[in-house]
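Structure first, commentary second.
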Amino acid sequence: MSKNCTLEEIAVLLLEHDKFVLCPHVSPDGDALGSTLALKIALEKAGKKVMLMVDDDTPKAFGFLPQIETFVKPDECAETEADLLVVLDASSLDRIGKVVQAVKAKAIVNIDHHISNTQFADYLYLNTEAAATAEILCSLVEMLGVEPDKDLATCLYTGIYTDCGSFRFGNTTPATMRAAAKLLEYGARPNEISDALGTHTRANIEMLAKVLQTLSFYNNGAVSVIEINNDLYDKDVNTDNFISFARYIEGVDVAVLFKAVEPNVTRVSMRSQNTDVAAIALSFGGGGHIRAAGCTVELPLAEAKLKVLDAIGKAL
Ligand code: 5GP
Ligand code: MN
């Protein structure tokens, strides 16, 4: 169990220490990367030593984020000492991979917004009402007493913008909009960020064309499925946006993307209108939010698909 902290307590804790390792979840998305980079910028403004670690590659699609090149991998720096390991946007220890072994920290701090949070850290700030971890960070940065600049604002705006589906999802609240508005005042440029995120590589669109041909329906059209099999899979092609094509179809409640990342390992992404897909993901060792969740199933795609579709069928 974690000590559940207020955000003020987290700010005080951070200001009391000097040497930090910050880490987002594996398969890092805009919120994970944006929150981690923004906290680095803020803590450095407060005079702290900060290192960023992630047990994964950072997707090329986020190459526009300031300082994205400063992430190192745990394999490259075993035995890193720090006062605090701060884990951002990750709800469980297995979501940070080998970082936990590589970093010798006095304590782990976790700042998160996932309903599936497992209370793994020593100190936790969890706000499941926040649309994004970046929304939480917006308040935290102010508590740290630093002046946000355009780079910091760009990172946080990207985190909020991606996690609330460009302010379209139900997790978008007045607080989300207020945080975004502040970030615009601090210098974030919404057109630059949405252009950077909305411009896809040719390989991305070419793969999408192939993946859309796999679109199929189950449970009388309540479940839609798209698939990336071993032949189609290319680790260098970002597929994060693919699920939205299966999601917004008349009659569809749950959309699923199955991605064969290895012959016996299948990544599953789920989105829903009503059904609690976090609960389904959790039953396969994953997690997420009620309407957006994921898991990794250690089975070939066809077998993973049977099991997951069976669980979804029961949950509908
Ligand atoms: P995505 O489908 O975009 O990978 O993930 C959707 C949501 O579920 C995100 O909020 C993500 O953090 C969470 N999620 C995805 N995969 C996993 C997983 O394997 N474990 C946990 N705990 N959460 C996941
Ligand atoms: Mn998030």
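Things to note:
- Among beta bridges from DSSP that stay inside the chain, the antiparallel ones total about 40%.
- Along principal axes, Cα extents of the stretch 1-137, largest first, whole Å: 33, 30, 29
- Peptides 49-60, 205-216 ordered by average Cβ neighbours within 10 Å, highest first: 49-60, 205-216
- Average accessible area per residue (Å²) across the chain - probe 1.4 Å, nucleic acids and ligands excluded: 45 Å²
- Efficiency of FRET from Cβ geometry, S166 and S216, R₀ 30 Å, rounded to 0.05: 0.65
- Candidate aspartates and glutamates for bridging to K73, where Cα separation is under 14 Å - those fewer than 8 sequence places away on the same chain excluded: D55, D56, D57
- The number of Lys pairs in the stretch 161-316 with C-alpha atoms less than 23 Å apart, excluding pairs fewer than 8 positions apart on the same chain, is 9.
- Computed extension length for E129-K19: 36.6 nm, one decimal, from 0.36 nm per residue of separation with the Cα-Cα distance subtracted.
- Relative contact order, percent, the stretch 1-97 [alpha-carbon distance under 8 Å, six or more residues apart]: 39 percent
- Nonpolar atom fraction for the chain, defined as the carbon and sulfur part of the 1.4 Å probe accessible area, stands at 50 percent.
- Fluctuation leader among R267, R202, R247 - the chain, Gaussian network, Cα springs under 10 angstrom: R202
- Partner aspartates and glutamates whose Cα lies under 15 Å from the Cα of K49, excluding those fewer than 8 positions away in the same chain, are identified as E16, D18, E81, D83.
- GluC sites (Glu not before Pro) restricted to the stretch 221-316 and DSSP loop, no more than 15 other C-beta within 10 Å: E250, E298
- Extended-chain gain in nm, criterion 0.36 nm per residue less alpha-carbon gap, D149 and D195: 14.5 nm
- 0 to 90° range, to nearest 10: angle between helix 30-45 axis and the chain longest Cα axis: 10 degrees
- Across the chain, the relative contact order, built from alpha-carbon pairs under 8 Å that are at least six residues apart, equals 14 percent.
- In a DSSP loop and with at most 13 other Cβ atoms within 10 Å, the GluC sites (Glu not before Pro) in the stretch 104-153 are E129.
- Theoretical ellipticity at 222 nm over the chain - DSSP helices of four or more residues, -39500 (n - 2.57) apiece, nearest 500: -10500 deg cm²/dmol
- On Cα atoms only, tilt of 174-185 relative to the major axis of the chain in degrees: 60 degrees
- Applying 1/(1 + (r/R0)^6) with R0 = 25 Å to the Cβ-Cβ distance of E206 and N230 gives a FRET efficiency near 0.90.
- Angle of helix 202-212 to the longest C-alpha principal axis of the chain, folded into 0 to 90 degrees and rounded to 10: 40°.
The values are calculated or read from the model by the stated rules, or taken from the named source; none is laboratory data. All values derive from a computational prediction rather than experimental measurement. Because the Cβ atoms are built from the backbone with ideal geometry, glycine has one as well, and the counts that use them run over all protein chains shown. Quick note on the areas: whole protein, heavy atoms, side chains included, nothing else; ligands and nucleic acids left out. Shrake-Rupley method; radii C 1.70, N 1.55, O 1.52, S 1.80 Å.
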